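Working notes, beginning with the structure itself.
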Amino acid sequence: MVVEKTFIEGLLVLKPKVFEDARGYFFESFNQKSLIAAGVKEIFVQDNQSLSQKGVLRGMHFQKEPHAQGKLVRVIKGAVLDVVVDIRKNSPAYGKYYSIELTEKNKIMFWIPVGFAHGFLTLQDDTIFHYKCSNYYNKESEASIAWNDKDVNINWNIENPLLSEKDKAGALLKDFISPF
């Protein structure tokens with residue numbers, strides 16, 4: 001696995017070694033020892049998967065302590081623009097975002113530690129998105145920041161994504177008190 005650091009401390013882009021031939025392909029989508037060697041020490045306790053049509057935006061979600069989650073994400077089918085915002089108060093990158101395209105073809109995995117709001121925009125119909133979580137979901141701990149916050153200025157390349165009611169109500173960063 002090739003591990004690439006990003007300009008935001010803690011975020012890792014993980015590129016698995018893929019073995020392809022006329023039959024198809026094979027790769028390790030999860031290997032705890034490889035993740036530990038890359039600096040990811042968390043143990044994963046829950047897997048989530050979603051199916052979305054093109055133009056669905058899910059985010060920008062996080063869970064507050066004591067139920068905060070690190071996430072290892074990837075696309076099984078289709079493609080997404082995956083985006084995180086650093087919401088760690090003492091981080092030099094507070095309020096900055098990082099985005100990456102995750103697709104079934106590039107097989108890239110993305111490690112998102114605790115302290116980030118996370119979301120994604122589906123770029124193809126029938127996209128299947130998978131994430132491993134380092135903590136269990138807890139409804140009382142869930143929160144979000146606005147996907148379209150002008151201070152964060154995420155370039156989604158879409159004007160009217162399909163959003164849940166919950167995702168329409170995210171907090172603005174300027175009105176937000178980070179729990180991290």
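FYI, it's all coordinate maths here, none of it is from the lab. Small disclaimer: the values here were computed from a predicted structure and weren't measured. Cβ atoms come from the backbone with ideal geometry, glycine included; neighbour counts cover every protein chain shown.
For the residue pairs Lys64/Lys96; Lys139/Lys168; Lys5/Lys150, alpha carbon separations beyond 23 Å are given by Lys5/Lys150.
Sparsely packed loop sites in the stretch 5-87 (the chymotrypsin sites (Phe, Trp or Tyr not before Pro) outside DSSP H, G, I, E and B with at most 11 other Cβ atoms within 10 Å) comprise Phe7. In a reduced charge model with +1 at each Lys and Arg Cβ and -1 at each Asp and Glu Cβ, the stretch 42-175 shows a dipole moment near 200 debye about its Cα centre. Note on Thr6 and Lys96: the model spin-label points, each 7 Å out from Cα along the C-beta direction, lie 1.1 nm apart. Amide H to amide H, with H built 1.01 Å from N, Gln124 comes under 5 Å of Gly55, Ala79, counting only residues 5 or more places away or on other chains. Scan the chain and report its longest stretch carrying no trypsin sites (Lys or Arg not before Pro) that are both in a DSSP loop and have at most 12 other Cβ atoms within 10 Å. Between the exposed loop sites, the longest stretch runs 42-88.
The phi-based Karplus calculation (6.51 cos²θ - 1.76 cosθ + 1.60; θ = phi - 60°) puts the 3J(HN,Hα) values of the stretch 169-180 at 10, x, 6, 7, 4, 5, 9, 9, 10, 5, x, 10 Hz, whole numbers, x for Gly and Pro. Whole-Hz Karplus values for the stretch 153-159 come out as 6, 5, 8, 7, 6, 8, 9 Hz, taken residue by residue from phi with 6.51 cos²θ - 1.76 cosθ + 1.60 and θ = phi - 60°; glycine and proline positions read x.
Considering only Cα atoms, the convex hull volume of the chain works out to 119 Å³ per residue.
Comparing Leu12, Leu72, Leu35 in a Gaussian network model of the chain where C-alpha atoms under 10 Å apart are linked, the largest mean-square fluctuation is found at Leu35. Here each label is just a point 7 Å from Cα along the line to Cβ, and for Ser50 and Phe19 those points are 3.4 nm apart.
Using the Karplus relation 6.51 cos²θ - 1.76 cosθ + 1.60 with θ = phi - 60°, the per-residue 3J(HN,Hα) values for the stretch 110-123 come to 10, 9, 10, x, 4, x, 10, 8, 10, x, 8, 10, 7, 9 Hz, with x marking Gly and Pro.
Principal axis extents of the Cα atoms in the stretch 89-153, from largest to smallest and rounded to whole angstrom, are 36, 29, 20.
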